[in-house]
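*Asks:* Shown below is the structure under consideration.
What follows draws every value from the coordinates through simple rules; no lab data is involved. Every value quoted in this text rests on a predicted model; they were computed, and no experiment measured them. Cβ sites come from the backbone with ideal geometry, for glycine too, and all protein chains shown count toward neighbours.
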Amino acid sequence: NWRGTSGVSAGGWGRFKKSNGGGGGQRGNSINDPTAEHYLFGNRKSYAPPRLNREYDDDVENGEGTLTAPLTETEERMRNSEHLLRETQALCAESEQIGAATLETMGRQREQIERSSGFLQESLQNTEQARQIMKEMAYRAFKNKIFLYCVIALLVIANGAVIIHLWRRKK
């Protein structure tokens, strides 16, 4: 007989073994019955699990489509690894896009900082120029003030001389 060590209800087709036990003359249960071997193995000599991502028309069918043999632990690990690799690649691509956007933003900010630095240098030059002009104006105002004090003093002296001269003449 062909016996399944696990069935469809256990998540897929399991391993099949030949057993030497009786079982009667039912069609498909005999070791020598070519229909049973073809049913289980197709043109293969022994059972081999189907490859990933491929549908087999010669597997047992249910109402919706073909059933595939369960993945071995290694195949499941490979599938999980591939899934993790795809996720990692997606994260890398997303990180690359974020990095490119960040670099673009930083480039714009650098240009703004350079322009601001230029404006700052220009403002500092203008401030220094205004300081020099203010110093010159203060110096000129001081000179004008001194000149005015001298003129006032001269006029006071001249007025005093005129008063003295008029007073002596009256006497």
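*Asks:* Is the shape of region 117-171 rounded, prolate or oblate, going by the alpha carbon gyration tensor and its root eigenvalues a ≥ b ≥ c, with a/c under 1.5 for rounded and a/b larger than b/c for prolate?
*Replies:* Judged from the Cα gyration tensor, region 117-171 comes out prolate (a/c at least 1.5, a/b above b/c).
*Asks:* Something else: Starting from the 7 Å offset along Cα-to-Cβ, what nm value, one decimal, do you get for the label separation of residue 81 and residue 115?
*Replies:* Modelled inter-label distance: 5.3 nm.
*Asks:* Nearest 0.05, what FRET efficiency do residue 155 and residue 128 give at R0 = 45 Å with Cβ-Cβ as r?
*Replies:* With R0 = 45 Å, the Cβ-Cβ based efficiency is 0.65.
*Asks:* Oh, and also: Work out the charge dipole of region 93-134 with +1 on the Cβ of Lys and Arg and -1 on the Cβ of Asp and Glu about the Cα centre, then indicate which of 99, 116, 134 is farthest towards its positive end.
*Replies:* Checked the options; the winner is 134.
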